[in-house]
Amino acid sequence: MKPGKIRVDADEVTYPAHVILRYEIERALIEGAIEADDIPALWDEKMQALLGIDTRGDYRNGCMQDVHWTEGAFGYFPSYTLGAMYAAQWFAAIRRAVPDLDRRVAAGDLAPVFDWLNANIWSQASRWDTPELVERASGEALDPRHFRAHLETRYLGA
């Protein structure tokens, strides 16, 4: 785990910082708090603050590295981290439903995961808005503690 300049190469610990950086810039731009010309300097400032990385003068690996903005796709970045949060929460719910899940997955048996996803997500997703789906599937509203627990377990052995 080492912070890098490129979002798509980031590990799952630092990836959310890349998303936060982009979201904060997009929001300021859309709200009129900054102009497009302000983006490179703000990018450099946020990369340093969030990831400790110097991107000054490196537009290619800095503010122009993603196709989203050049294509006019604004507001999309948060969905990447939201997806990781949903996945962690739903995997916690699967673990509660299938107590020997880790052993089965380690043995290559993914059926309990696919069965749970089919019953709780895939067959239900068009019936409910996202907050309702999350609560119905996991028994609670979206809670970042699940993502944090996933990261701590995976990277700190907690």
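Read the figures in this text as sums done on the coordinates, not as results from a lab. In this text, all values refer to a predicted model and were calculated from it rather than measured experimentally. Neighbour counts are summed over all protein chains in view; Cβ atoms, including those assigned to glycine, are modelled from backbone coordinates with ideal geometry.
Mind computing the radius of gyration and Dmax over the alpha-carbon atoms of the chain? Å is fine for both.
Cα-based Rg and Dmax for the chain come out at 18.6, 54 Å.
Quick one: what do you get for the range 1-45 if you divide its Cα Rg by 2.2 N^0.38 Å?
Its radius of gyration relative to the 2.2 N^0.38 Å reference: 1.25.
Add +1 for every Lys or Arg and -1 for every Asp or Glu among the other residues with Cβ under 12 Å from the Cβ of residue 124, and state the total.
Here the count lands on -1.
Cβ under 15 Å from residue 72's Cβ, residue 72 left aside: what net charge do those residues give with Lys, Arg +1 and Asp, Glu -1?
Working: positive: 22; negative: 26, 66, 71.
So the surrounding residues net to -2.
Helix-derived [θ] at 222 nm for the chain: sum -39500 (n - 2.57) over DSSP H runs of at least 4, divide by residue count, nearest 500?
-17000 deg cm²/dmol
Round to a whole angstrom and tell me the spacing of the C-alpha centers of the range 1-57 and the range 91-158.
30
Filter the chain for me: DSSP H helices, axial length by Cα at least 27 angstrom, mean Kyte-Doolittle hydropathy not below -0.5. List them by residue number.
Those that pass (Cα extent of 27 Å or more, hydropathy at least -0.5) are 78-97.
At 10 °C and 1.306 mPa s, grab the translational diffusion coefficient of the range 63-103 from Stokes-Einstein with a Kirkwood Rh over Cα pairs, rounded to a whole number in µm² per second.
126
Pull out the extension gain between residue 73 and residue 118, defined as 0.36 nm times the separation in residues minus the alpha carbon to alpha carbon distance; nm, one decimal.
Gain on extension, residue 73 to residue 118, equals 13.2 nm.
Taking the Cα of residue 27, stepping 7 Å toward and past its beta carbon, and measuring to each backbone N in the range 77-117: which are under 17 Å?
Residues 77-83 fall inside that zone.
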